[in-house]
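S.K.: Sharing a structure with you now.
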Amino acid sequence: MSNTNKEPHANLPEKQKDKLYPIVLQLFSTKDFHQVSMREIGKLSGLSTTTLYRYYPSKENLLFSILDEKIESLADKTRLHIQGMESTREIFRKIFWVTLDHYDNNPGLAVTLYITAPIHAWIAEKTYVRKDAYAVLNETIIHGRKLGEIDPDISDEQIIDLYFMYCHRQVLRWYVKNQTDSLVDSIGNFFNVFWKAVTV
């Protein structure tokens, strides 16, 4: 059995990532995890299985490495969008908007992340705990508490849980509807409820 906690030996060149990543997310978002093989990934991406195993010791490591990079880029994008904003309410709305817009533009990531990724195996990976995403949310909560906009009776953890719960729920609804709706358009259906739950 492969050790999924093992780090890749080196970073795959960006040019090869551009070929590999879309294929991996397309396969894992349309098939059950166990139906996807490194051989198939190699064939469709144009990379040999030898090359794949040189950088990724297992199928799990390959998938989780990609998810790690994609989520990190989402956190970076979120920081750019909320920079300079003052209203805690609008910061949270923008965080939801950036997140769901990112998934609208990367549907394979959304499906893989919330539906097909093997959570039991991913929990064993250090990348499962999203310190980057938590940092953005924690900073927003601190900002809101300083302004007196956040209910002191609701904990930071509860607010963060609400964020992930709403994102997860919207992706599931969108997936069940065969991805016909825009995820961003769902924000109006839940954001006021979210804000009422966390504000004073």
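S.K.: So is Val136 surrounded by 13 or more Cβ atoms within 10 Å (Cβ to Cβ), at pLDDT below 95, in contact with a helix residue (DSSP H, G or I) (Cβ under 8 Å, 6 or more places away or on another chain) and aliphatic (A, V, I, L, M) or not?
M.R.: So Val136 passes the test.
S.K.: Scan segment 173-192 for residues that are in contact with a helix residue (DSSP H, G or I) (Cβ under 9 Å, 6 or more places away or on another chain) and more than 15 Å from Ile95 (Cα to Cα) and report the count.
M.R.: So the count comes out to 8.
S.K.: Taking the residues in segment 50-77 that are under 13 Å from Gln16 (Cα atoms) and of a type in the set (Val, Ile, Thr) as candidates, determine which candidate is surrounded by the most Cβ atoms within 10 Å (Cβ to Cβ).
M.R.: Ranking the qualifying residues of segment 50-77, first place goes to Ile66.
S.K.: Just to be sure I understand, how many residues within segment 101-149 are in contact with a Ser or Thr (Cβ under 9 Å, 6 or more places away or on another chain), closer than 11 Å to Ile71 by Cα and assigned to a loop (DSSP other than H, G, I, E, B)?
M.R.: 0
Let's see how each residue does on (1) surrounded by 15 or more Cβ atoms within 10 Å (Cβ to Cβ); (2) over 20 Å from Leu113 (Cβ atoms):
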{"position": "Cys167", "(1), (2)": "yes, no"}
{"position": "Trp174", "(1), (2)": "yes, no"}
{"position": "Ser182", "(1), (2)": "no, no"}
{"position": "Asp185", "(1), (2)": "no, no"}
{"position": "Gly188", "(1), (2)": "no, yes"}
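S.K.: So Pro152 fits all but one of (1) exposed (fewer than 14 other Cβ atoms within 10 Å of the Cβ); (2) in a loop (DSSP other than H, G, I, E, B); (3) touching a residue at least 60 places away in the same chain (Cβ under 8 Å); what number is the exception?
M.R.: Pro152 satisfies every listed condition except (3).
The values are calculated or read from the model by the stated rules, or taken from the named source; none is laboratory data. The shown structure was predicted, so the numbers you read here are calculated from the model rather than taken from an experiment. Every residue, glycine as well, gets a Cβ built from its backbone with ideal geometry; the counts of neighbours run over all protein chains shown.
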